[in-house]
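A quick write-up on the structure given underneath.
The values are calculated or read from the model by the stated rules, or taken from the named source; none is laboratory data. Note that the coordinates shown come from a computational prediction; the quantities given were computed from them, not determined experimentally. Don't worry about glycine lacking a Cβ; one is built from the backbone with ideal geometry, like all the others, and counts go over all protein chains shown.
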Amino acid sequence: MYVFEIAHVNEFEPRQLDSHREGIHDARKDRLESTTRRLLEMDTAVRETAKLSNQVWVTNPIRARHITAHANSIHDIISVFAQHVRMSVEDAERLQVQGWRQSVMSLAGDTVDAANRARQSAVDQAQKATEKIRDMNDDRLLAKAAEIEARREKKEKRALESTDDENRAETDSRPSRRGLRFRRDEKGL
């Protein structure tokens, strides 16, 4: 196909032969890069999907082996195709088949790790709750202290006002000299 296209351009437009050849080369390069990227994305997606948890390996060891084997065969097919079309594809490591005993031990380790994380999370939440309660109690205590202080100040103010009133009353009830004279003057009249 490429040869026919070049022959056609050479026959009808010989001046554009070099630019046409460069265009075909660039188009092939872009197509190859796009195909390589898509193949790598497909291979990565298959491999990520085939990475199974320890629980799957323990509960369905035969099925897990089949999944891993199929993912590895897809990877091999993609690698062979990439070599055939001369793509530069990095060879990824094959997925490993995991034995049942190893899966059980890994699952137990995962369970212990999850329990430790849950315990630590519960401890952290309990500490936060304790701190919050402590802060609330401190706030209540401070509010109560402010209330008591306000009452004391109010009582002191009342006491001062009442002593001031008593002092005024005493000064009002004491007759002044002028008043006495005035009263004497009234008696004498």
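Only residues that are exposed (fewer than 11 other Cβ atoms within 10 Å of the Cβ) and among the small types (Gly, Ala, Ser): list them for the range 107-122, please. Hits for the range 107-122 are ALA114, ALA115, ALA118, SER121, ALA122. For the range 84-117, the tally of residues that are over 19 Å from LYS51 (Cβ atoms) and part of a loop (DSSP other than H, G, I, E, B) stands at 5.
Of all the listed residues (LEU180, LEU160, LEU141), the sole one being at pLDDT 85 or above, in a helix (DSSP H, G or I) and either touching a strand residue (DSSP E or B) at 6+ places or on another chain (Cβ under 6 Å) or surrounded by 10 or more Cβ atoms within 10 Å (Cβ to Cβ) (or both) is LEU141. Does the range 55-64 contain any residue that is over 27 Å from THR111 (Cβ atoms) and either among the small types (Gly, Ala, Ser) or surrounded by 13 or more Cβ atoms within 10 Å (Cβ to Cβ) (or both)? For the range 55-64, residues over 27 Å from THR111 (Cβ atoms) and either among the small types (Gly, Ala, Ser) or surrounded by 13 or more Cβ atoms within 10 Å (Cβ to Cβ) (or both): absent. Within the range 9-62, the set of residues being among the small types (Gly, Ala, Ser) and over 36 Å from the mean Cα position of the chain (by Cα) comprises SER19, GLY23, ALA27.
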